[in-house]
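Okay, so here's the structure we're looking at.
Each value in this text was obtained by applying a stated rule to the coordinates, not by laboratory testing. Just so we're clear, the structure is a prediction, and the values are computed from it rather than from any experiment. Positions of Cβ are generated from backbone atoms using ideal geometry, with glycine treated the same way; all protein chains shown enter the neighbour counts.
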Amino acid sequence: MNLFDLCKAIKIQNEDPLDTDATFDDFFEDEEAADIILSINSVNNSICNSNDWNFREAKTTFQTVIAEDEYTKPFGKIWKMKHEGQVTPLGEIHYDYIIDYPQTGTPYNYSFYADKLILYPTPTEVKTVTAYYYTNYFAKSINESSEIVDTSSLANGTDYSIIPVHLHDILIYGACIEHYKKPSREKSILWQARFEQLMTDFENACKNSVNDYKRVVFGERPQDIIQDFFDPRK
């Protein structure tokens, strides 16, 4: 469902008058429209940001540049990086370790500084690197060229959440709970029960598909690293 579909479904749930022939622009003539959209975005962002869900998995590929160690950081949390043809992923390392031991060569570690992705050692040749991450763009939009692009929030009528479409009912009931502050007791009970059931179904359907990957940041919490080394089940 796109944003306009969600808005109409929410009003139907509350049994509000709805003009079935109205456009998204017509909908905005309703004084509460902006608040409904705000509630939808609030619920969408809260759910998406609550875990590393499988629908958040994304990847980007870039070329290293000789003698350049700073690169654009993907908008999200990186969980793995690899060179093409490389079996062992690059390890994440605390930035203090990089500045203490400057080197050049083939990068085998990465870090973050000032919202930049830092490769270590500084590359001495061109390599193709793939970063796997959990996106922080929780919506999609269609631009003027009819291309689908990432966006941080739902704003246009045709925008839609990255949550799989068959699970969009969770946005409807969640937004109803958040937007309508004083619904009837019957509606309140119904919406809450439905939302909780949908959340259970959602968690089962969207579990992280890479949750067996152990992300270790060298240079941070060394006791945990030692513990994980001796007990790989953790």
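One table, with the values for the structure above:
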{"quantity": "In order through the stretch 185-191: 3J(HN,Hα) via Karplus (6.51 cos²θ - 1.76 cosθ + 1.60), integer Hz, x for Gly, Pro", "calculated": "4, 5, 5, 4, 5, 4, 4"}
{"quantity": "Binned Cα-Cα distances of the stretch 96-192, short to long, each 5 Å bin given as a whole percent", "calculated": "2, 9, 12, 12, 10, 10, 10, 10, 8, 7, 4, 3, 2, 0"}
{"quantity": "Amide H within-cut-off set for TRP79, under 5 Å, with H built and near neighbours excluded", "calculated": "TYR132, TYR133, TYR134"}
{"quantity": "Within-10-Å neighbourhood charge of PRO123 [Cβ basis; K, R +1; D, E -1]", "calculated": "-2"}
{"quantity": "Placed amide H near LYS73: partners under 5 Å, 5+ positions off or other chain", "calculated": "LEU117"}
{"quantity": "Value of D in µm² per second that Stokes-Einstein yields for the stretch 1-49, Kirkwood Rh from Cα pairs, at 25 °C (0.890 mPa s)", "calculated": "216"}
{"quantity": "Computed lengthening from ASN136 to ILE148, 0.36 nm per intervening residue step minus Cα-Cα distance", "calculated": "2.7 nm"}
{"quantity": "Where labels lie 7 Å past Cα in the beta-carbon direction, separation of ASN49 and LYS80 in nm", "calculated": "2.7"}
{"quantity": "Angstrom value of the Kirkwood radius, inverse mean 1/r, which spans all Cα pairs in the stretch 10-100", "calculated": "18.4"}
{"quantity": "Extension gain from GLU57 to ASP19, taking 0.36 nm per residue of separation minus the Cα-Cα distance", "calculated": "9.9 nm"}
{"quantity": "From the C-alpha gyration tensor of the chain, square roots of 5λ in Å", "calculated": "43, 22, 14"}
{"quantity": "Leading residue at positive end of dipole, the chain (Cβ point charges), from SER42, GLN13, THR128", "calculated": "THR128"}
{"quantity": "HIS166-HIS94 FRET efficiency (beta carbon distance; Förster radius 41 Å; 0.05 resolution)", "calculated": "0.50"}
{"quantity": "Charge tally in the Cβ shell below 12 Å around VAL149, where Lys, Arg are +1 and Asp, Glu are -1, VAL149 excluded", "calculated": "-3"}
{"quantity": "Among the listed pairs LYS77/LYS127; LYS187/LYS207; LYS140/LYS181; LYS11/LYS181; LYS82/LYS127, those beyond 19 Å (Cα-Cα)", "calculated": "LYS77/LYS127; LYS187/LYS207; LYS140/LYS181"}
{"quantity": "Charge tally in the Cβ shell below 11 Å around TYR160, where Lys, Arg are +1 and Asp, Glu are -1, TYR160 excluded", "calculated": "-1"}
